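J.: Before I ask anything, let me first share the structure, which is written out below as structure tokens.
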Amino acid sequence: MPKICVFPGDGIGPEVVREALAVLRAIEEISGARSFETEEELLGGASYDVHGVPMTDKAMGLACASDAILLGAVGGPKWDPLPFEVRPERALLGLRKNLCLFANLRPAKVFAPLLDASPLRRELVEGIDLMVVRELTGGIYFGEPRGIRTENGVETGINTEVYTRPEIERVARVAFDLARKRSRRVTSVDKSNVLESSELWRKIVTEVHGRGYTDVDLSHMLVDNCAMQLVRHPKQFDVIVTTNLFGDILTDEASMITGSIGMLPSASLGGRVGLYEPIHGSAPDIAGKGVANPLATILSVAMMLRYSFNRDAEAGWIERAVEKALADGYRTGDIYRAGSGVRRVGTVEMGDVVRKNIMTNTQGEVKR
Ligand code: NAD
């Protein structure tokens, strides 16, 4: 039986992961058999509080021995004063690096019932379905030298952006392969006018394209322009491939096109084990209040079924159940705009509605 390692993490992490796991159990219920083994471990601040480290060897071992990982979020102000090496976010970087999760897929899709939740005008966002492929294990988040030190009596903070040819080639191939299953358009985003690492990025993405992907349209864009174009005319994009830092920032921006950061799932791929998590953080401002939007985590389970377990049909059941919940007017606070036929619900109720939709919507399909 495939094994899923579950890291609920901190803040709203445990609240949204609980709903996502219940959705997974609903899928199993329809299939009539338990088809996934799950095992939970502490990660991030929750792990630091108990073990003094953000990720224990046991937790890392569990992740490596599993077939997929479902993660909530880590971090929060409680742990901000900690030394950098034991901050909750270090656990995430360690997981990504050790599991070789170099490609982070972040779809930004606008659900029709949420058109009015986007701060952008309806005609700009209607039909948006773009995919950002963010390089995840290189760049400035990992480059050396790094640190804060005193040089000539002046406190100095240092980080280094490093990209190698193999790192760029492999993530470019992921983006081109994905584009082939979509509308065959890739925009590579860099800052090649000022950064040498970006100059190399652009050169190698162009080479990979020329060597085997000329059936895909490739264009290049500077990151500052891309940030502007994402709000000016987001429909021009299909697949965006970019570096770790630029992808981190651009996907938060793209999330607002869809209405809320609480809607966006992600998949981190590359090694044997895929990692699935919402793109949002631990949202300390709303943690424990039962109001967090669980849909990004629920949709992350759909990505897990699709990418790690080749279960496209079940992934579709979840996506359609989410769409129906929204069409029926259910909204958590982050996507709520007062209006007729719209009902504000909490985390648990939103999860319940999605599960109920899965059970009722799929009955006909399963019988067929
Ligand atoms: P955040 O994503 O946690 O929150 C930003 C804003 O979005 C907040 O107002 C929050 O309430 C809201 N929000 C986020 N998710 C939501 C949801 N599901 N439903 C409704 N509203 C939601 O970002 P932040 O405040 O910058 O970071 C908080 C902590 O999370 C920090 O410690 C940060 O380091 C950490 N973080 C972790 C991850 C991760 O685990 N992958 C990612 C980003 C940030």
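J.: Please find the FRET efficiency linking Lys181 to Arg343, where r is the Cβ-Cβ separation and R0 is fixed at 41 Å, and quote it to the nearest 0.05. Display every interim value, and only then the final one.
T.: Numbers: r = 36 Å, r/R0 = 0.87.
Efficiency at R0 = 41 Å is approximately 0.70.
J.: Another question about this same structure. Among 76-84, 181-189, how do they line up from the highest to the lowest mean number of other beta-carbon atoms within 10 Å?
T.: Values: 76-84: 12.9, 181-189: 19.0.
Highest-to-lowest ranking by the protection proxy: 181-189, 76-84.
J.: What full-extension length gain, to one decimal in nm, is calculated for Thr206 and Phe84 as 0.36 nm per residue of separation minus the Cα-Cα distance? Write down the numbers at each step before the final one.
T.: Numbers: separation 122, 0.36 × 122 = 43.92 nm, distance 3.67 nm.
Taking 0.36 nm per residue and subtracting the Cα distance, the gain is 40.3 nm.
J.: How much length is gained on full extension from Thr164 to Asp312, taking 0.36 nm per residue of separation minus their Cα-Cα distance? Intermediate values should be presented prior to the final figure.
T.: Details: separation 148, 0.36 × 148 = 53.28 nm, distance 3.40 nm.
Once the chain is fully extended between Thr164 and Asp312, it gains 49.9 nm.
J.: On to the next question. For the range 105-263, what does the relative contact order come out to in percent, with C-alpha contacts under 8 Å and a separation of six or more?
T.: It comes to 35 percent, rounded to a whole number.
J.: Separate question: State the answer as a single residue: which of Thr347, Val205, Thr360 lies farthest towards the positive end of the charge dipole of the chain, with beta carbon charges of +1 for Lys and Arg and -1 for Asp and Glu, about the Cα centre.
T.: Thr360
J.: Note down the net charge around Arg185, summing +1 for each Lys or Arg and -1 for each Asp or Glu among other residues with Cβ under 14 Å from its Cβ.
T.: On the way: positive: Arg180, Lys181, Arg182, Arg184, Lys235; negative: Asp129, Asp177, Asp215, Asp217, Asp238.
Result for the neighbourhood of Arg185: 0.
J.: In addition: Could you tell me which of Leu95, Ala73, Phe111 has its Cα farthest along the dipole of the range 66-121 towards the positive end, charges placed at Cβ (Lys, Arg +1; Asp, Glu -1), taken about the Cα centre?
T.: The one lying farthest along the dipole's positive direction is Phe111.
J.: What does the net charge come to around Asp334 if you take all other residues with beta carbon closer than 13 Å to its beta carbon, with K and R at +1 and D and E at -1? Walk me through the numbers on the way to the answer.
T.: Numbers: positive: Lys289, Arg331, Arg337, Arg344; negative: Asp285.
Result for the local shell: +3.
J.: Which residue fluctuates most in the GNM of the chain (Cα springs below 10 Å): Thr164, Thr243, Thr347?
T.: Result: Thr164 has the largest fluctuation of those listed.
J.: How much length, in nm to one decimal, is gained on full extension between Glu123 and Thr38, taken as 0.36 nm per residue of separation minus their Cα-Cα distance? Numbers along the way, then the final one.
T.: Working: separation 85, 0.36 × 85 = 30.60 nm, distance 4.25 nm.
Here the answer is 26.3 nm.
J.: Also, quick follow-up: Treating cross-link reach as a plain straight distance, find the aspartates and glutamates whose alpha-carbon is under 14 Å from the alpha-carbon of Lys78, omitting any fewer than eight places away in the same chain.
T.: Candidates past the 8-residue exclusion: Asp10, Asp49, Glu89, Asp285.
J.: Just tell me which lysines come within less than 28 Å, Cα to Cα, of Lys109; anything on the same chain fewer than 8 places away is out.
T.: Those lysines meeting the cut-off are Lys97, Lys181, Lys191, Lys235, Lys289, Lys324, Lys356.
J.: Using DSSP H assignments, which helices in the chain have an axial alpha-carbon span of 24 Å or above and a mean Kyte-Doolittle hydropathy of -0.5 or higher? Mind dumping the intermediate values first?
T.: Working: long enough: 13-31 (27 Å, 0.46); 196-212 (25 Å, -0.82); 347-367 (30 Å, -0.53).
Going by DSSP H runs, the hits are 13-31.
J.: Counting only DSSP beta bridges with both residues in the chain, tell me the antiparallel percent, nearest 5. Before the final figure, lay out each step's value.
T.: Values: 19 of 47 bridges.
Here the antiparallel bridges make up roughly 40 percent for the chain.
J.: Right, next: So which trypsin sites (Lys or Arg not before Pro) in the range 246-314 end up in coil per DSSP with only 14 or fewer other C-beta atoms within 10 Å? Can you show the working numbers first?
T.: Details: sites: Arg272, Lys289, Arg306, Arg311; in loops: Arg272, Lys289, Arg311.
Qualifying residues, ordered by number: Arg272, Lys289.
J.: Let me ask you something else. Counting only C-alpha contacts under 8 Å and six or more residues apart, can you give the relative contact order of the chain as a whole percent?
T.: Values: 776 pairs, mean separation 79.8, N = 368.
It comes to 22 percent, rounded to a whole number.
A short reminder: the numbers here are calculations on the coordinates, not readings from a lab. Keep in mind the model is a prediction, meaning the values are calculated, not measured. We place every Cβ from the backbone using ideal geometry, glycine too, and count neighbours over all the protein chains shown.
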